[in-house]
Every structure is written in C-alpha cells, then in structure tokens.
Amino acid sequence: QVQLVESGGGLVQPGGSLRLSCAASGTIFSLDIMGWYREAPGKQRELVASQTTGGSTDYADSVKGRFIISRDNAKNTVDLQMNVVKAEDTAGYYCAVVRPRVGVYWGQGTQVTVSS
C-alpha cells in the first residue's frame, strides 16, 4: 500500500507561482511513476505532469513551459512548481503513484484557486 499526502495548495493571483508537495509512505518501486493530476468542476481528471524513476517527464500541453515537476527518489517525494498560473489552472490537484499492472494510488487532493 502507498499513502500520499499533499500540501501547498491555496489562492494565488494570475501570473503568480505556487509549489505543491507530495510525500509518499510505503514502498515505491523503481517502475512506479509519480505525478500530479487535476480535476476542475465539470471536467474529467487529467494528467498535469509525471516523472519516472529515471527522470523522464511528461507534461500536459497546457502547462508546458510553466510547470516543473521534480521527484526525489530517495525521499519518495514529488513536487510541482507552478509558474505564471492562469485562471484555467484552478482545480483540485491530486498526487498519484501509477504502478504498472496494479493501478493508481491517489492522495486526498489539494485545492488551487487562481483569482485576483
């Protein structure tokens, strides 16, 4: 089992920055992918960014060049640095561990609201 705890959400002005952090407890395997998803009201949950143990990253087109994911394999943490945020980034953000052939472990989520 994997437990995930997120922190760092809140209210931020358009153009500002915010950093989300996620700490995983339990065993994280080398093939596990750690990442962040978001879910806005009325929309499906979508991938924001993910990173493999080896460092390969994947970003949603809408956040490329603005968000940076960073994973610490030794500490089992994954952070999301959000820069130049926009109103459309408003959503619940969920940390996830994707375990091949097993499934997805989710955190409880943290709300990010972009508003002036």
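The values are calculated or read from the model by the stated rules, or taken from the named source; none is laboratory data. The model shown is predicted, which means the values in this text are computed figures rather than measured ones. Here the Cβ is made from the backbone with ideal geometry for all residues, glycine too, and neighbour counts use every protein chain on show. To get the accessible areas, we keep the full protein, side chains included, count just its heavy atoms, and leave off ligands, DNA and RNA. Shrake-Rupley method; radii C 1.70, N 1.55, O 1.52, S 1.80 Å.
Computed over the chain with a Gaussian network model linking Cα atoms closer than 10 Å, the most mobile of Leu31, Leu47, Leu80 is Leu31. Where a Cα-Cα gap under 30 Å defines reach, which lysines qualify for Lys43, not counting those fewer than 8 residues away within the same chain? Candidates past the 8-residue exclusion: Lys64, Lys86.
Sparse packing (at most 15 other Cβ atoms within 10 Å of the Cβ) combined with a DSSP loop state is found for the following chymotrypsin sites (Phe, Trp or Tyr not before Pro) in the stretch 1-91: Phe29. Among DSSP bridges having both ends in the chain, what percentage is antiparallel? Round to the nearest 5. For the chain, the DSSP antiparallel bridge percentage is about 95.
Mean separation of Cα pairs under 8 Å and 6+ residues apart, divided by the residue count of the chain: what relative contact order is that in percent?
36 percent
For the residues Ser25, Ser56, Ser17, a GNM of the chain with alpha-carbon springs under 10 Å puts the largest fluctuation on Ser56. Split the accessible area of the chain by element, probe 1.4 Å, and carbon with sulfur accounts for 51%. Binning the alpha carbon pair distances of the chain at 5 angstrom intervals from zero yields the distribution 2, 13, 25, 26, 19, 10, 5, 1, 0, expressed in whole percent.
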